[in-house]
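This report concerns only the one structure given below.
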Amino acid sequence: MTNIRNTGSPHWRRWLGVENRCLVPFTSFSEPNPGAVGDRAPVWFALADNRPLACFAGLWTRWTSVRKVREGETTNDLFAFLTTHPNAEVGALHPKAMPVILRTSEEVTTWLTAPAAEALKLQRPLPDGSLGIVARGTKEDGGVTAESDLFSRP
């Protein structure tokens, strides 16, 4: 998994067609707190305190390569999500980027079906005030981590 900011790069352009677009579901995501002592404890963001389901705009592909010599060549389904300039909330911690977040069924439909030029208009930050901090540090609320949010909900 990685993130993609420069969709104009020849490396990423080949996967911008509808056949490679996907949704990456989440309920919350984190950014490291650069002011934290030690391990830069994460700060968790969500659309609301109850962490409603939303999606990152993603790309996927089937990729064949040698990742580990002892395994040899393998074929894996890989994904990445798009990033953009941060809004005020995320920018306070990560001034370079934030995920591209799709909040409505119309945005999801556009991302999954529209021509690339139209779909890429969604590569913009959420309006300031759209995200809130729902936790700081290691999650202790019994919820799932951002990594497992990709596959299931609590």
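The values are calculated or read from the model by the stated rules, or taken from the named source; none is laboratory data. Because the structure is a prediction, the values reported are computed rather than measured. Note that each Cβ is placed from the backbone with ideal geometry, even for glycine, and that neighbours are counted across all protein chains shown. All accessible areas refer to the heavy atoms of the entire protein, side chains included, with ligands and DNA or RNA removed. Shrake-Rupley method; radii C 1.70, N 1.55, O 1.52, S 1.80 Å.
The residue of segment 17-42 that is most open to solvent (accessible area, probe 1.4 Å), among those that are within 17 Å of R136 (Cβ to Cβ) and of a type in the set (V, I, T), is V37. Just a yes or no: is a residue in segment 99-110 of a type in the set (D, E), surrounded by fewer than 18 Cβ atoms within 10 Å (Cβ to Cβ) and assigned to a loop (DSSP other than H, G, I, E, B)? No, segment 99-110 contains no residue that is of a type in the set (D, E), surrounded by fewer than 18 Cβ atoms within 10 Å (Cβ to Cβ) and assigned to a loop (DSSP other than H, G, I, E, B). Listed by first and then second residue, the pairs with beta-carbon distance under 9 Å, at least 6 apart or on different chains, first residue in segment 115-132 and in a loop (DSSP other than H, G, I, E, B), second open to solvent by 60 Å² or more (accessible area, probe 1.4 Å), are P115/V18; Q123/R5; R124/H85; P125/H85; L126/R103; S130/R103. Could you tell me whether segment 35-53 includes any residue that is closer than 28 Å to L131 by Cα and in contact with a helix residue (DSSP H, G or I) (Cβ under 8 Å, 6 or more places away or on another chain)? For segment 35-53, residues closer than 28 Å to L131 by Cα and in contact with a helix residue (DSSP H, G or I) (Cβ under 8 Å, 6 or more places away or on another chain): present.
Is it fair to say N50 is under 24 Å from R136 (Cα atoms) and exposed (fewer than 11 other Cβ atoms within 10 Å of the Cβ)? Taking the combined requirement at face value, the residue satisfies it. Collect the residues in segment 61-89 that are loosely packed, with under 13 Cβ neighbours inside 10 Å and of a type in the set (S, T, N, Q), keeping them in residue-number order. T64, S65, T74, T75, N76, listed by residue number. Report whether or not F45 is surrounded by 20 or more Cβ atoms within 10 Å (Cβ to Cβ), within 19 Å of the chain's Cα centre (by Cα), aromatic (F, W, Y) and under 18 Å from P127 (Cβ atoms). Spelling it out, F45 is indeed surrounded by 20 or more Cβ atoms within 10 Å (Cβ to Cβ), within 19 Å of the chain's Cα centre (by Cα), aromatic (F, W, Y) and under 18 Å from P127 (Cβ atoms).
Evaluating G58 against the criteria (1) more than 16 Å from the chain's Cα centre (by Cα); (2) within 15 Å of C22 (Cβ to Cβ) leaves one unmet condition, (1).
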